[in-house]
Amino acid sequence: MNVSDILKKAIIINKKKSKKLHTRTKFKKIGIMGGTFNPIHYGHLATAEAVRNRYDLDQIIFMPSGNPPHKSKAEIIDKEHRYNMTMIATMSNIYFETSDIEIKREGMTYTIDTLCELKKIHKNSQIFFITGADALCDIDSWKYLDKNFELATFVGATRPGIESNEVNQKIDQLKQKYRANILNIYVPSLDISSTDLRERIKKTESIKYLLPENVEKYIYKNNLYR
């Protein structure tokens, strides 16, 4: 199947999954997996699946960021490409879908705006916001942080190489200061990073088995990260 057909299939499947989630009236537990996904890889997918399984979530919504305040525009490829790659990467998992909420938003994209919008869409639901446990250590700079904690349960994914004592201390601090509901999950090691993948592509090194095959095809077809 060529890349154009793969993308068309991913779009159709994603629309069906989104419609199914939106028409459910009973209480839902929804995970939000945010990130630039520049590009998306197996580490992102494994983390999302581990959280979904541990906390019995009904669905994980992958949320490619539009214009994140903490990233340089020079570092990030076009948001449409990142959205397309995320749809392609998630299409085989019935519990994963991809949202375009952030890439459609003009200006800087902040988590608080996304959470507010999602709570309007999914009124009868509990939101779990998934982030790296190391990111929790730098979360104080987030816009309206207290409101973020009111709208969602935060899940910090810990992986090998992260100093657990520092993370645990930060989580305790946030819980006391904001009465935040924060969960911590250990995710099996997948030593993959988007930065490394971009460097490998620039150097024409193999990225096979580090991200889904169809995402790899999309990258090469569109000459990304060269």
_Pairs where the first residue, in the stretch 146-160, is of a type in the set (K, R) and the second is buried (at least 18 other Cβ atoms within 10 Å of the Cβ) and assigned to a loop (DSSP other than H, G, I, E, B), C-beta under 8 Å, 6+ apart_ = R159/V187
_Residues located in the stretch 166-192, provided they are loosely packed, with under 13 Cβ neighbours inside 10 Å and part of a helix (DSSP H, G or I)_ = Q169, D172, Q176, K177
*asked:* Cβ-Cβ distance below 9 Å, separation of 6 or more or different chains: which pairs start in the stretch 208-221 with a residue that is without any contact (Cβ under 8 Å) to a residue 60 or more places away in the chain and end on one that is buried (at least 16 other Cβ atoms within 10 Å of the Cβ) and among the β-branched types (V, I, T)?
replied: E216/I207; Y220/V3; Y220/I201
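Return yes or no: is F128 without any contact (Cβ under 8 Å) to a residue 60 or more places away in the chain and either crowded, with 19+ Cβ neighbours inside 10 Å or of a type outside the set (D, E, K, R) (or both)?
no
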*In the stretch 1-109, which helices (runs of 4 or more DSSP H) lie fully inside it and hold 3 or more residues that are in contact with a Leu (Cβ under 7 Å, 6 or more places away or on another chain)?*
42-55, 79-90
*Given the conditions (1) at positive phi; (2) out of contact with any strand residue (DSSP E or B) (no Cβ under 9 Å at 6 or more places or on another chain), report the number of the one that D56 does not fulfil.*
(2)
_If I ask for residues that are assigned to a loop (DSSP other than H, G, I, E, B), among the β-branched types (V, I, T) and surrounded by fewer than 17 Cβ atoms within 10 Å (Cβ to Cβ), which ones from the stretch 193-226 would you list?_
T204
*Can you tell me which residue in the stretch 46-90 is surrounded by the fewest Cβ atoms within 10 Å (Cβ to Cβ), limited to those that are among the polar types (S, T, N, Q) and over 19 Å from T109 (Cβ atoms)?*
N53
*What single numbered condition from (1) under 16 Å from L197 (Cβ atoms); (2) modelled with pLDDT under 95 fails to hold for P69?*
(1)
*List the pairs whose first member sits in the stretch 101-114 and is more than 21 Å from F149 (Cβ to Cβ), whose second member is in a loop (DSSP other than H, G, I, E, B) and not polar (S, T, N, Q), and whose Cβ atoms are under 6 Å apart, counting only residues at least 6 apart or on separate chains?*
I103/G66; R105/G66
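Only one of I94, I103 is exposed (fewer than 15 other Cβ atoms within 10 Å of the Cβ), within 18 Å of the chain's Cα centre (by Cα) and hydrophobic (A, V, I, L, M, F, W, C). Can you tell me which? Steps first, answer last, please.
Values: I103 fails: exposed (fewer than 15 other Cβ atoms within 10 Å of the Cβ).
Of the residues listed, the single one that is exposed (fewer than 15 other Cβ atoms within 10 Å of the Cβ), within 18 Å of the chain's Cα centre (by Cα) and hydrophobic (A, V, I, L, M, F, W, C) is I94.
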*Within the stretch 159-180, can you find the residues that are at pLDDT below 90 and at positive phi?*
G161
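The values are calculated or read from the model by the stated rules, or taken from the named source; none is laboratory data. All of these numbers come straight from a predicted model, not from anything done at the bench. Counting neighbours? That spans all protein chains shown, and the Cβs are built from the backbone with ideal geometry, glycine included.
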